[in-house]
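Enquirer: Can you keep this structure in mind? I'll have questions shortly.
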Amino acid sequence: MHNNRKQFFVLALAFLMSMFFRSYFGEVGPMVAADIDLDPSRYGYAASAFFISFGLLQMPLGSAFDRFGAGTPMTVLMIVGAMGAALVAMARTAGQLVAGQAVLGAGCAPIFMGVVYQFGSLGDGVAARRKITAVSAVGTIGALLSASPMVWLSEVLGWRGAMLVAASAMALCAVGVAFQMAPTPQEGQSEEATESRPAGLVYLLPICLTLSLGGTFRNAWATPYLSGVFSADQRVSGFALTIVSAVGIATSFAIPALVSKVSPRSIVTAGMAAATIAAFAMAVSPGSSIVAAVALICLLYSIGNLHPLVMAEAQELAPSKHRGLLLGFLNTLVFFGVAISSAVFGWIAQSAGGPSATFEIILFSTAGCLAIGLTAYLARPAWRSIANQR
């Protein structure tokens, strides 16, 4: 039991660092752009580089998890991630920044899937969902740390110094994973495999591509939205993103409590529907109200907390022999969705006529993609796996 608590603690801290690095560019990005002289297109490339390398590694990591367990791959790549954060801190050109972001993305790549894989091996679907969502909830504090606290630290140490501090924290988390990660349980996998429904994974593909659109918007485009459309300065934007992160954290902590009372399918459906409707509504008049804009960003960002539920649902459908590989494929879609949307949003910002037109197009595009993902998710037959029956 004591070792289980330590494992939960180090995994939660590791996921906190992953969430920090996924989110930090929303605050540091404008400072970096001013320092390195990035245009909107290169800004989009820098934001997407993290998620491209993150996504490319998901399937190889899934195979490695199936063969070696989650502990060793996580430790090695988290050390690589610490080196990537240091590379970002030392970047002097757009190319160096993109390279550092790519290395950093590789370092964060195994963390979330490692959490899902480790707890998914328990053989109890309800317990797995609770632990996965609980680790995710604790980890979302990293997004909060990437907002106003990151601005404050950057003002004290400069953004480069702040990144070196983050790199050190990542290295310490890697040490914790190395010493506290328990071997992945292997018992009961053959029984679970007979109850798998791999065909059901097809219905999850579109939602996996669209789930992190809100995170993309918050992490890289919320500050340009608030500053370009509402003339918000850095401090106002930082405060707004702190609110967004706080709402995301509250939502993430609410989900583990809800899963024992409401079906995960209902939670996912309600969240995606609310985000879709709100995005369409705000796209009609993106400059109507800064309060409404912040509320929309809160809602879009919060649907990212549905990701653990979708992944937990997916692993109950997957054959256990190839569970890591299939989870890696779905996670690839999630983060390729982020990378693609970051680059596309950058192209829109480069081509559209002004901030209002830019974010009208971005919000309409976001709402349309969310609607497609929700429709496919609702079309999936509600099969029950053995993990749900326990």
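Enquirer: Here are Phe54, Phe25: which of them is among the aromatic types (Phe, Trp, Tyr) and farther than 21 Å from Pro308 by Cα?
Expert: The match here is Phe25.
Enquirer: Taking into account only those residues within the stretch 122-149 that are among the hydroxyl-bearing types (Ser, Thr, Tyr) and surrounded by 24 or more Cβ atoms within 10 Å (Cβ to Cβ), which is modelled with the lowest pLDDT? Even if it seems obvious, please write down each step before you answer.
Expert: Going through the stretch 122-149, the residues among the hydroxyl-bearing types (Ser, Thr, Tyr) turn out to be 133, 136, 140, 146, 148.
Still in the running and surrounded by 24 or more Cβ atoms within 10 Å (Cβ to Cβ): 133, 136, 140, 146.
Values: Thr133: 84, Ser136: 83, Thr140: 76, Ser146: 82.
Taking the candidates together, the pick is Thr140.
Enquirer: Okay, moving on. Counting only residues that are more than 23 Å from the chain's Cα centre (by Cα), modelled with pLDDT of 85 or more and under 18 Å from Gln58 (Cα atoms), give me the helices (runs of 4 or more DSSP H) lying completely in the stretch 285-366 with at least 1 of them.
Expert: By residue number, no helices (runs of 4 or more DSSP H) qualify.
Enquirer: Let me ask something else about it. If you scan the stretch 257-266, which residues turn out to be surrounded by fewer than 19 Cβ atoms within 10 Å (Cβ to Cβ), part of a helix (DSSP H, G or I) and not polar (S, T, N, Q)?
Expert: Ala257, Leu258, Arg265, listed by residue number.
Enquirer: Let me ask something else about it. Give me the pairs, please: first residue somewhere in the stretch 207-220 and under 14 Å from Ser23 (Cβ atoms) and assigned to a helix (DSSP H, G or I), second residue anywhere and modelled with pLDDT of 80 or more and of a type in the set (Lys, Arg), beta-carbon distance under 7 Å, and either six or more positions apart or on two chains.
Expert: Note: pairs meeting the criteria are Gly215/Arg22; Asn219/Arg22.
Enquirer: Restrict the check to the stretch 124-139 and report whether at least one residue is farther than 20 Å from Gly304 by Cα and not in a helix (DSSP H, G or I).
Expert: Yes; the residues of the stretch 124-139 include at least one that is farther than 20 Å from Gly304 by Cα and not in a helix (DSSP H, G or I).
Enquirer: If you don't mind, another one. Which is more than 20 Å from Trp221 (Cα to Cα), in contact with a Lys or Arg (Cβ under 8 Å, 6 or more places away or on another chain), touching a residue at least 60 places away in the same chain (Cβ under 8 Å) and not hydrophobic (A, V, I, L, M, F, W, C), of Pro319, Pro308?
Expert: Result of the check over Pro319, Pro308: Pro308.
Enquirer: Still on this structure, please answer the following. When you scan the stretch 343-370, how many residues do you find that are in contact with a Phe, Trp or Tyr (Cβ under 8 Å, 6 or more places away or on another chain) and within 17 Å of Leu306 (Cα to Cα)?
Expert: Final tally of qualifying residues: 2.
Enquirer: Hey, another quick one. Just to be sure, is Phe9 surrounded by 24 or more Cβ atoms within 10 Å (Cβ to Cβ), part of a helix (DSSP H, G or I) and aromatic (Phe, Trp, Tyr)?
Expert: Against the criterion (surrounded by 24 or more Cβ atoms within 10 Å (Cβ to Cβ), part of a helix (DSSP H, G or I) and aromatic (Phe, Trp, Tyr)), Phe9 does not qualify.
The values are calculated or read from the model by the stated rules, or taken from the named source; none is laboratory data. What you see is a predicted model, and the numbers here were worked out from it, not measured in a lab. Here Cβ is always computed from backbone atoms with ideal geometry, including for glycine, and neighbour counts include all displayed protein chains.
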